[in-house]
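**Q** Structure incoming, see below.
The values are calculated or read from the model by the stated rules, or taken from the named source; none is laboratory data. As the structure is a prediction and not an experimental result, all values here were calculated from the model. Here the Cβ positions follow ideal geometry from the backbone for every residue, glycine too, while neighbour counts run over all protein chains shown.
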Amino acid sequence: MLAVEYGSSVAQLLHGHGYGPGHSVSARAVSEGVWRKCPACDYVGAPASIAHHTKKAHAAAIGEQTQGAGR
């Protein structure tokens, strides 16, 4: 279906469903509770993606907080 109706383009599929500048599919996913926003930055994704992102992108900050708590 993607190939036939949208030329194999996810961007065209999203545009065909009314998404684009000013109407974000990620913002809708967050507002409907399907995705979440990282509490430390603007990254959004599914709960498992947020957990993975946090471990990789914010590992140094988490380590610093853990060290500070033990002082």
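**Q** Which residue pairs have Cβ atoms closer than 8 Å, lie 6 or more positions apart in sequence or on different chains, and pair a first residue in region 20-31 that is exposed (fewer than 12 other Cβ atoms within 10 Å of the Cβ) with a second residue that is assigned to a strand (DSSP E or B) and among the basic types (Lys, Arg)?
**A** Once the first residue is exposed (fewer than 12 other Cβ atoms within 10 Å of the Cβ) and sits in region 20-31, no partner that is assigned to a strand (DSSP E or B) and among the basic types (Lys, Arg) comes close enough.
**Q** Scan region 13-26 residue by residue and report those that are assigned to a loop (DSSP other than H, G, I, E, B) and under 23 Å from residue 2 (Cβ atoms). Please lay out each step first, then the result.
**A** First, the residues of region 13-26 that are assigned to a loop (DSSP other than H, G, I, E, B): 17-19, 21-22, 24.
Within region 13-26, 17, 18, 19, 21, 24 meet the criteria.
**Q** Within region 4-19, track down each residue that is aliphatic (A, V, I, L, M) and surrounded by 13 or more Cβ atoms within 10 Å (Cβ to Cβ).
**A** Once the filter is applied, which keeps residues that are aliphatic (A, V, I, L, M) and surrounded by 13 or more Cβ atoms within 10 Å (Cβ to Cβ), region 4-19 yields 13, 14.
**Q** Note down all Cβ pairs under 9 Å where the first residue falls in region 32-53 and is of a type in the set (Ser, Thr, Tyr), the second is in a helix (DSSP H, G or I), and they're at least six residues apart or on different chains.
**A** Hits for this filter: 43/49; 43/50; 43/53; 43/54; 43/57.
**Q** Next question, about the same structure. If a residue has to be assigned to a loop (DSSP other than H, G, I, E, B) and either in contact with a Pro (Cβ under 9 Å, 6 or more places away or on another chain) or at pLDDT 90 or above (or both) to count, how many in region 27-71 make the cut?
**A** Here the count works out to 12.
**Q** Follow-up. Restricting attention to region 32-41, report how many residues are exposed (fewer than 12 other Cβ atoms within 10 Å of the Cβ) and small (Gly, Ala, Ser).
**A** Adding up the residues that qualify gives 1.
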